[in-house]
Every structure is written in C-alpha cells, then in structure tokens.
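Notes follow the structure.
The values are calculated or read from the model by the stated rules, or taken from the named source; none is laboratory data. For clarity, every value in this text was computed on a predicted model and none was experimentally measured. With ideal geometry, Cβ positions are generated from the backbone for all residues, glycine too; neighbour counts draw on all protein chains shown.
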C-alpha cells in the first residue's frame, strides 16, 4: 500500500500517522521527492483500512499495490480449485461442465423431462429456479418449497445434482439436499447471506453483481472463503452497460482475467446475460473457446410459455446440437489452458 | 403496453396470443401498418410479464407505456407522502429535515456528544452505523448490538429519533426501538428483506442501489408498499459512474424527477456519495436548492480517526455553519416547490 | 413510431399535432384507452424527429418501433455486405480475415519485418498506426506522414493492403494509397469526418465509441452509407465499464447481435479492448468461435519497447500459434454461421 | 509515478529499466518489500508513458501519483482563470454568468427576440446552434452559415457576445466574429480540432464527453492550453448513466471537484443534461448554490416547435423568473466560494 502525502505535511500529524502505522504490523518505507513524500507500507495490508488513512488531512491519496483478497488470490494458492459436487461431478481444473435446465420449475413432468433431455446431451448438473428474485412484487416469484421438492424428484429420477438459487440465510434448512447454492447477482453483496454460507461446506455458485468489478466479486467470494467454506464457483452473468439490445453485456474477458487473479472455477451464464435465446449458441461457443470451466444454460421444452425469462431459453433440440459443438471446440482449445495462466 | 409483432406473424400463434391476452383483463387494440402490426394493451398491465410476451416467436418487441409501479406512483397518489417519525418529526412535504451523525457508533461519549451538537445546529434525527456492510470481510463491521444500545442511549439523552442500517430481516427484533430502518444500497434488491419490512409499519429509508434506475428503485419501494407499509423514504447516495475522483456520482436530477414520478419523500446523502468531506457543503447546498426533503450528513467529532468512511465526515463546527446556510437557501427557494411538480 | 399522449390532451394542440403529422408522409392510427390515447405512426418514420414530438405539452412519451437506420439495416438489405479491399482480399460473408501489425509504425525494418511475419501466419491485411490519437498532448503522437510512407513501403514489399487511422478529413489526400481508413473510437461521432468519408468509396473501418450503443454505432455507419459509400466495416474495440483490470470490456455479444441487425461485416479488436496481451489469445479464440468476420490484432517484434499501447501486443511467434488455432476453431464453427441470422 | 515490479524480476531487464529511467529526467527511489520492489519516480513525469512501462515483463503495475495535466492544474496555477469575452463580459472567478438562447437558430426574428428577452433577464452571453451535431444523418443539421449570420445580427442588435458550436477546424474562418467557440461532447477527444483551437486565442467552451472522467476532460483542456490558448471554459452537460428518465445525468459534484483540481472556470448546462425543461429550474438552482461560474440555458420562444432539442427549452417568461431566483441564491451562497478550494 502506498500513501501519498500532501506537500508540506504537518509534522505532528505525520508523527501520529507513523506511530499508528507502526502498530499495524507493517513496515513503512518513505520516499522523499521534490514536492511530495510517499510512504510505502510493506507487509500484510489487507486489514488496513485505506479509507481511514485517506481521511487524514496530510494525506493526498492511498493506492493499494496488492489485492485485498487473500484466500481467493492465485498468488497464494497457485493450483486450480476443483469444487467437488458429488462422486461423479466436479467443476474446475479445465473440464467443461454443462449446467442446464429451465429458468423456473413449473411441474414434475417439465423438470424431469428437461433433466432427462439435458443429461442425454452431456449436461451433468441440473439447474432450475424455485425461489425467484423478481424486480416487480407483482411478477411470478417461483414455486418456492414445492419447486425444491420437484427439483429433488428430478435428481432422484436422473441422478443429476441440483443447482438452484437461495435468497436468504433463513432458507438454508430447505436447501439441505440441494447440491449447489446459487447466490444471485442482486445478493452478491448481501454480506449477511455470504457469512452464513461461509459457515457451511456447500458448493456456492456466486453470480457477479450487475455492476461489480472483479475485485468486488472476489471480495464477496472472500467472505465465504474466510468463513471456512472453500467451495466457491464464480459465475459471470453479464454486467449492466449502456447497451439495451441485450439485457446485460456478457464479459468474456473475465475468463482469462480471473484465471490469472484467482484459483476458483469460472462458469459463464450466456442465457441470463443476453436475455435473448438467439444469442446463446454463439456466446456459449465463445465462452468455451476462451476456456470457461462451465456453462449455465437455460433449456426449456416450451420457451414461449416459460413463466419467466422465457426469451433466453433454448429448446432441448437446439441445446443438443450446441453441446456437441461445444465439446468439439473444447477439443480444439483444451490444451491451451495451461499457457494462459499468467505467472 | 404495446406489443410490436414481426412481419407476417404465424396465424395460429397470433390467435393463441390474442386468446391469452383476453384472459389477462386487458383490452387489445390492434394497429395494422404497411409492414407491421402493433397491439395496444389497455387496462392494468402491471402484472403482465413483458418478458414472457417477448419470448414469443411472433413478437419483435414489447414496450411499456405506463410505469409498472402503482402504489409508489404519483399518478394514482397525487399528494405528497409525509412520513411521521415521532410526535415532533416527519419527513416529506417540502420541509428540510436534517439527519446527521457519525458513520459508525464508537462510544457513548462520541455518539451523545455528536447528537447534542447536531441537535443544536438544527438536525432533528440522529444517524449512526451499528451494523456496517463492508466490501472486505477483514474491515471493521460495526459495533453491532452494542452500537444499537449506544444509539438508544443518545436518543434517551437528546430526544432525537434514530436512523440506522438493518442488514437482514432476522435483525428486526433488535431494531424495535429504532425509528428509521435504513436499507443500504447493496440491499436495495434484497427482496426477502424488503418483503419483511413491508409487514411492519416502521419508516424505511431505502437507499438507491449503486447502478439502479429510478424505476428499479421505485419497484423496490413498491415491494415495501405492496406489503402494507406506506412509510418509505427514498435516499439518493450516488451512483457508480466512470469518475473515480468521487466515490460515487451524486444524481441531483433525481429530486425534481422523483417529485414528478412519486409521492414519496426524497432525502440526499452527499457524504456517502462523494466520499470526500470537502465536497459535502457544496453538494448539500445544491440538494437544498433543488428541493430535497432532507439531507443525511455524516458528522464526526474527530474525522481523522473515524473507524470507517472517515474522509466524508464533517466536524460539528463545519456542520453548524453549513446548516445555517442550508436553511437560508431553503428560505429563498422554498416557495418554488409546488411549481415543479409536473402535472 | 408510437406517440403516447398525456391524459386529457388539449383539443387544439391535438388537432395541431394531427395536422402536422399528416404533412410528414406517415399514416396515423389512434388507440383510445381508458386513461390514455396512443397514436401509431405508420410509414417511413426515420426522418421524423422524436424529440420534437416529445416537446409537445400533450405528449407523455415517444417510442420508436423501427430502427432509425435504413441503409445499415439488415431488414432492408438481407444479404451480407462483403467489402472488397483489393483483388485478393475482402472482409465479410463468413470468412475469417486477420488484420495484424504493430500499434505504431516505428521504422522501415520494423514494419516490413512484422508484415512479412504476419503474412506468413495467415494475416491478409497489415495494420499500423501513423497518426495516433493520444489522451495526453505530451504523449508520442505517431510518426505521421513518414509513418504512412513506411506503411506503403511494407505494402510494396509484401503485397498486403494497409489499414491505418485517419483523424481528420483534411488528411484524405495523404491517405490516397491506403486501403482501409480506420476511424477511431473517439471520432465515431465526428460527423464532419463521417460525412467526408461518405463522399469517397474507400473501405472504412469504423470503431465503436467507448460508450456507444449498437444503435449509436449503426447511426454513425449510416452517415457514411447515406453519403454514398457502401464500404463500411464495423469494429468492436471494447466499451468503457466499471472494470479496471482490463482497459475496456470487449463486448462479444455484438457479433450475433449485429449479424441480426445489420448486413455490414464485424471485426473484433481484442488487443485494444483488453490492453493486456495475456488476454488476447483467449479473446481472439472466443471472437472466432462466435463468428466474427475478422480480427484486428496487434503484433510487435519487441513489445516491451513499443512506443505506445505496448502491453497489448503479441510477438510474431505467439501470433503464429494463435492463428493456427483460430483457423481450426473456424473449421469447427464455420458452418453455424447461417443458422444464427435471426429471420 | 510508482512502478510496482513483479516478484523476482529478471536482473538484466531491471537494469535496462533503471538505465532508461535515468535518461528520462526523473529520480528513481526504490522501496524493497518482502515480496515486491517498488520504484518511486520523482520529478516531472507528465511526459513519461505509463503504458510503455506497464508493457515490461518485470512490471506488475504503474500508478500515477501526480496528475498528468500541468497547465490546467491548480497546483501550479493557484489563481482562478477569468476568461475575458469582451470589454464587459467575462467568465470565472466567482461571478455567475448566464449564457442563454435557443438550441437552434431558426430566423432573424426568433434569435433577436430571444436575445433581447434573455438580456433583459440578466443573461450576458447569447447561445444558439448554427451547426448541429446530430446522431442521425436524417435529422435537421442546423442552418449552418446562415445561422452564423443571424447570430451576428443578434449580436449587432443587442451587444451580447455569441457562443456557438464549431464542429471542424476547417470552419475556423467562418467563426472569426464569434466570441466563444463551443466544442461539443462528441468532439471532446477530437484532438485534431483541439490542436487547431490551441493555436488561436479564442475563448473555447469545452463540453465534457458523455463518458469522460474529470482527468480525460482536463487532458483535453490541456491540448488547447498546451497549444498556447489559455482561454478554456469547462462545461458539464451530463454524463451517460443507466438512467433513462433523463437524457444524461448532470454531475454537479464536478463544481467543487474541479475547483480543487483546476483554475479554469466551470459552466453547467442543465438543459442538455436533463433533456427535460421541467427539470431545468431545479438543476439551475442547484448548480448556482454549488458555486458554478456560469450556466448555459436553452431558452426558446416556442419550445413546442423548436426544431431540435425542444423538450429541454424554457420560455423567456420562465427564464426570467428563474434568473431572479438564481441571483438571489448566489447572494446567499456567494461568500462561500473561497472556503471550498481545497488547499
């Protein structure tokens, strides 16, 4: 961390700052320039509050040199984290995991039908919404508990582990048999929820907030990791930009960028990002070519009548053709993976 | 709501859509153009899911004519909502309410000292953080329960009602004697929390999400209102933009804009928005001149040592001078208020 | 175009509006709802100024149904535009064209050396900056005229056509032998320049503005097309977002989106977008898998000493390996192209 | 400038860097930490290309300590710049200058009529568009040369100096008698234009780019100043955000922020920013209370029929009432100005 002092700092205040820094377990190395003095703080600065230092009259600016996240940082954990979902399934380490299913669970027939179809196409995890965060209180909010029951019936029928969204820590008992707890973009900084998830050992699929930077996102992952739960999967679902043709803008740069910054697996959700099923195949191919650890794709047997997020779903037939193409792309690109981790 | 059909829509699908719309309590009026057909939906369309209709093969686009929020909408509630806080204090209706206090509660002396000072300067509500949402799990998270106790001690000592942040619905019992429950920007779309707050009658100060539009924000207010709690106060605290000199960019256009769109009171938080105490006086004057119903200003008796958000706090002396100026500006501008509600 | 009137519109003003609309060569079809009246304008509305209509007291909102661009619109020009560069080279129609070269031209040896290298790897167009738009007046602004001379020497030596940036219409005579005129992101809405380019028949590579929507961008293309020059190539180079790890955020959704909206070819510039050469290979693969018509890649024989934009360049060796991979991905994905044009 | 090296930097490359830095007229002071080495560059670093250094293999990041603009920087020019427009008129130094007039010049009657009206209300400069940058090639592009002639007729009739937009350096001869050359937001980084304006002594009103940071903006001002023209006026006209209710979001924090960063005068354009005339009075009052040096307000004698940007114009009657209020606010706030310059 670097502290840039204003010109001609007050002597007493400077001494106070120096003394306080000495109590913070960091070494201070000053650089004296013509106009300005700079303090280099050396050591573990993650717990030092840069805004507190900025507050001082004598300080012009504070800049972090190292990332404020530790457990999520590849620097300190060079090997890829592979999150084990069940005896047969895991996410991370370079394999391409397909997570597929409808936006919302609607009926037992629907969810089991889709589960069987996507399994046949190569998906190894079933997704489906039971509790749905909706912008409007008047929109369909999901089947709730009954939706969870139907997802577990589909797991029973097909053997596929289940990924579904949790909205509040008080729901944890209901999610006991769910395999992956999804935290939605709007809850990425619901720190109460993150802290509770950190106390479990459940795999958590942490969606990126709509306007979050990589650092914001990794700090939210850090909340879960710091609590003792190492099973965090990052999921890019598009960020808000000025473009309105797509619902959000999918940021595929995050794949190589996060591979350099963190050891956690990275899953891409092209369905939610684009909000248009016509764009999903190309974006899925792009994400696969860029080296994503997994894809979260909405598949519906009747997109026109999906209760929510319908426009972004694919039919099982389109998904089947797409999956074949994705595995072919991964065959072409698969060996590149190790190259791109920035040492 | 307007549904724009693609050229040459399939006849059967069009009939299906027409039939479904007829079950939705809206009147459908078609307009047939050279190339395209447009359906006008007339009636209460708030509960119609526009994304569901967009999903249909025959639909090119769906555009809303009327706002999807009803209880928050000035169209249906022309009179200003005045939220009563206690027997002496309210927010809304054109008065300028000053809510002041430290970012974090630190000690009994600190909070009572500041409460007395800001009361003398004209503030009628005390703010102070007990539970703090922090980006990093390693930063100070507030005094918690003890902080609540100290706030109540300051209320006892000064008579000022208290505004402080709630982070999770499970905390509601702890907040029983708190007068205004603040919902932070990061929780603006924590719908579980909003639903629970809708079941109470507590005044809720709902901060705008970092990247929320007015409509997103009003839809979150609608969650609380729809639950049965009419006591919602909107609080602008800056939005994320590309500018990095300020922490966030304060959007003062929201004052006249929201006055046209909604009947709810609008409070401005220049301290958190700018993240720089040097900017707070000018922004406070600007917000007052533009007609804000209240200001939320951080005041600290020792800004350099504030545990969090220090750089944005003012000393009681600066606050006192500022408050005088604000009341003088309101005297000059006060009579304009009625003009600017767009009929 | 749809005009939504306020409740109870003034009769005289409504008649005035109706009369004016009748002079604008559009048919007006009114829809009368419970609370509001809506006017549907049918016909060619591209030249109707929606802001002018919004200005009227009796109008609540105006919404466009059809895109305001005509010549760039795939609806009216269903076939792909293939821009012919020279007898051997073209861009568009599904082939993958590699445009490669250094950020800045520095010497004859440098530019000819790189040109020969990238040609061997499969690039068919040489890029290189002679006039450089730089944020700071104190940064290197390119070799200028001498840079153009060196680019033409490289063309002479290798036969590769040249793509380089023009900054002002007054430079047109200097660019006479240049094959593709690049318009930079900062000049995307330099309408004086666009109009002059519309008077030529030169291929123009139009970069997307840093915060432009697809529609803004296509409207800028429309300026050139409307002037009579059909040879426009769109180039995505990243948009400004809140992320700071990458210089800009590459928006690969634009590939399938623009393929639906326009017939113009789409080239992706992963080098400038990311600002980090380590990300370029993965982003290039992603763009290829998503169906880009071409890639604009910075290649330098000594990235560490490149005078500008160095961090984003690849060495010829890395480019050679990458190009092989890109052609292999295109072989796997190539046949998908026709599927994804949304009918 | 601070250069953060990667762990275990290559010895030869480090020596090369050190040697190169020694040729750049800066002193290098290294700080050696446990894991990383940091180089502090001391001296005039404005001409050092931070991206070039970032390109080096051994460098992790480069951070600027001081601003890259010099002539625009208040640090080196502590006194306010007051731009003299004519013998009676100037902008800057704490006075409130009102610049008013129509979006587009339409006729001699119109422009003289408005000029007389706004002069009576206290405006001292007339604005009006002759050349209009329009997103669509099919929209009205202004009266051009004839518009300039009419503006000069209004100057002749009223004595008011004229502010109007220049779109290209080739237009300079036409603007010889114009008093203030306005550079539009879309041309803020048209460096060819900025360089030519730097060669004149004309007052330039430089609008902020739609997504520009303060630093981007000040760097564009620096282009003009570095060319030898000290007469630059900054004009905030709103930035692009996710909000769609307003055309852009007016950033009033720029008033106190720029007052600290630069000595150049700051003018606010609430008309263009909001795109809604109903919001202009409140935003004008806010800008005045925050200490703006001037306001650029659109006034039209028949807003409903303005050819462009109509919805944002005020009538002369509304402007007259508003101007009185603005001068009253300035009386209340005027003495604060000196306080808020951050020493």
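Does residue A:100 satisfy being over 21 Å from residue A:275 (Cα atoms) and at pLDDT 95 or above? It is false that residue A:100 is over 21 Å from residue A:275 (Cα atoms) and at pLDDT 95 or above. So is residue A:35 outside the structural domain of residue A:288 (by TED's automatic domain parsing), under 17 Å from residue D:39 (Cα atoms) and assigned to a loop (DSSP other than H, G, I, E, B) or not? Here the answer is yes, as residue A:35 does meet what is asked.
Pick from region D:237-249 the residues that are in contact with a strand residue (DSSP E or B) (Cβ under 7 Å, 6 or more places away or on another chain) and within 7 Å of another protein chain (Cβ to nearest Cβ): which of them is farthest from residue B:209 (Cα to Cα)? By that ranking, first place goes to D:239. The residues in region B:252-265 that are part of a helix (DSSP H, G or I), touching a strand residue (DSSP E or B) at 6+ places or on another chain (Cβ under 8 Å) and at the interface with chain D (Cβ under 7 Å from one of its Cβ atoms) can be counted, and the count is 1.
Would you tally the residues in region D:60-89 being more than 9 Å from every other protein chain (Cβ to nearest Cβ) and in contact with a strand residue (DSSP E or B) (Cβ under 7 Å, 6 or more places away or on another chain)? Count: 10.
Of all the numbered requirements in (1) buried (at least 24 other Cβ atoms within 10 Å of the Cβ); (2) on the phi > 0 side of the Ramachandran plot, residue A:236 misses one, and that requirement is (2). Counting the residues of region D:226-251 that are within 25 Å of residue C:55 (Cα to Cα), touching a helix residue (DSSP H, G or I) at 6+ places or on another chain (Cβ under 6 Å) and assigned to a loop (DSSP other than H, G, I, E, B) gives 6.
Quick grid of which residues meet (1) more than 22 Å from residue B:244 (Cβ to Cβ); (2) at pLDDT 95 or above; (3) surrounded by fewer than 24 Cβ atoms within 10 Å (Cβ to Cβ):
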residue	(1), (2), (3)
D:243	no, yes, yes
D:257	no, yes, yes
D:265	yes, yes, no
D:268	no, yes, no
D:278	yes, no, yes
D:285	yes, yes, no
D:294	yes, yes, no
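Among the conditions (1) closer than 24 Å to residue D:240 by Cα; (2) in contact with a helix residue (DSSP H, G or I) (Cβ under 9 Å, 6 or more places away or on another chain), residue D:205 misses just one, which is (2).
Residues in region C:266-276 that are in contact (Cβ under 8 Å) with a residue 40 or more places away in the chain and assigned to a helix (DSSP H, G or I): C:271, C:272.
When residue B:40 is tested against (1) part of a loop (DSSP other than H, G, I, E, B); (2) without any contact (Cβ under 8 Å) to a residue 40 or more places away in the chain, exactly one condition is not met: (1).
The residue of region B:24-36 that is farthest from the other protein chains (Cβ to nearest Cβ), among those that are farther than 21 Å from residue A:245 by Cα and in contact (Cβ under 8 Å) with a residue 24 or more places away in the chain, is B:24.
Close contacts from region C:321-334, counting a first residue that is more than 9 Å from chain A (Cβ to nearest Cβ) and closer than 17 Å to residue A:290 by Cβ and a second that is at pLDDT below 95 and assigned to a helix (DSSP H, G or I), with Cβ to Cβ under 6 Å and a gap of 6+ residues or different chains, come to none at all. Taking the numbered list (1) modelled with pLDDT of 95 or more; (2) within 24 Å of residue D:53 (Cβ to Cβ); (3) part of a helix (DSSP H, G or I) in turn, residue C:216 passes all entries but (2). Restricting to region C:37-52, what's the tally of residues that are out of contact with any strand residue (DSSP E or B) (no Cβ under 6 Å at 6 or more places or on another chain) and at the interface with another protein chain (Cβ under 7 Å from one of its Cβ atoms)? The qualifying residues number 5. Scanning region A:54-108 for residues that are more than 30 Å from residue A:144 (Cβ to Cβ) and without any contact (Cβ under 8 Å) to a residue 12 or more places away in the chain turns up A:54, A:55, A:75, A:76. So the check is Cβ under 8 Å with 6+ separation or different chains; which pairs have a first residue in region B:248-262 that's without any contact (Cβ under 8 Å) to a residue 12 or more places away in the chain and a second one that's surrounded by 24 or more Cβ atoms within 10 Å (Cβ to Cβ)? Matching pairs, first to second residue: B:253/D:250; B:253/D:273; B:253/D:274; B:253/D:279; B:253/D:283.
Matching residues to (1) within 14 Å of chain D (Cβ to nearest Cβ); (2) farther than 28 Å from residue D:221 by Cβ:
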| position | (1), (2) |
| --- | --- |
| C:114 | no, yes |
| C:117 | no, yes |
| C:121 | no, yes |
| C:124 | no, yes |
| C:135 | yes, no |
| C:147 | no, no |
| C:161 | no, yes |
| C:167 | yes, no |
